[in-house]
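Inspection log for the structure reproduced underneath, given as structure tokens.
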Amino acid sequence: MAVMAEGVRREVEQRVRAFEAAFNRGDMAALADLYTEDGTLLPLDSKAITGREEIQQFWQGVRDSGITQVALHPQRVEASGDLATEVATADLTAQAGDGRTSTIPVKYVVVWRRQAGGPWQLAVDIWNSRPAE
């Protein structure tokens, strides 16, 4: 069981790095493709966002708002069958109009789902702020 869990963790972490890379290069279409077709975002103080097209638009809006980089830090990955959960922190780099940058610390949980024989995909994604460390 531990071998399977370690394999799932590695696969999820590879997908996390793909998310990070897609966001950081501004490729929101590639980022949206990491979600299931019916993937759902649950942003703070906002309606649920469902489906790849809406997810792509949401993340493009985040990027356009001045968030230029994300650094994702998985803390825990647990799996059962074709579902896995990831508990993690992230640091978002925001760039102001004057060129100054700041870091926004957040925490998040992702429910990952694997389709038959396919890669792990984000099914549900929720986050909120955390205190700076």
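The values are calculated or read from the model by the stated rules, or taken from the named source; none is laboratory data. Quick caveat: nothing in here was measured; it's all calculated off a predicted structure. Using ideal geometry, Cβ is built from the backbone for each residue, glycine included, and neighbour counts are taken over all protein chains shown.
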Scanning the stretch 95-113 residue by residue, the ones that are modelled with pLDDT under 95 and either closer than 20 Å to residue 8 by Cβ or surrounded by 15 or more Cβ atoms within 10 Å (Cβ to Cβ) (or both) total 0
If you go through 118, 99, the only one that is assigned to a loop (DSSP other than H, G, I, E, B) and within 16 Å of residue 18 (Cα to Cα) is 118
When restricted to 132, 94, 90, 123, the only residue in a loop (DSSP other than H, G, I, E, B), in contact with a strand residue (DSSP E or B) (Cβ under 7 Å, 6 or more places away or on another chain) and of a type in the set (Gly, Ala, Ser) is 132
Kindly evaluate residue 29 against the criterion of being more than 13 Å from residue 111 (Cβ to Cβ), hydrophobic (A, V, I, L, M, F, W, C), touching a residue at least 12 places away in the same chain (Cβ under 8 Å) and outside any strand (DSSP E or B). yes
Just one listed residue, out of 78, 37, is surrounded by fewer than 19 Cβ atoms within 10 Å (Cβ to Cβ) and free of Cβ contacts under 8 Å to residues at least 24 places away in the same chain, and it is 37
Result of the Cβ filter at 9 Å on the stretch 96-122, keeping first residues that are over 12 Å from residue 81 (Cα atoms) and partners that are among the aromatic types (Phe, Trp, Tyr) and not in a strand (DSSP E or B), at least 6 apart or interchain, is 122/19
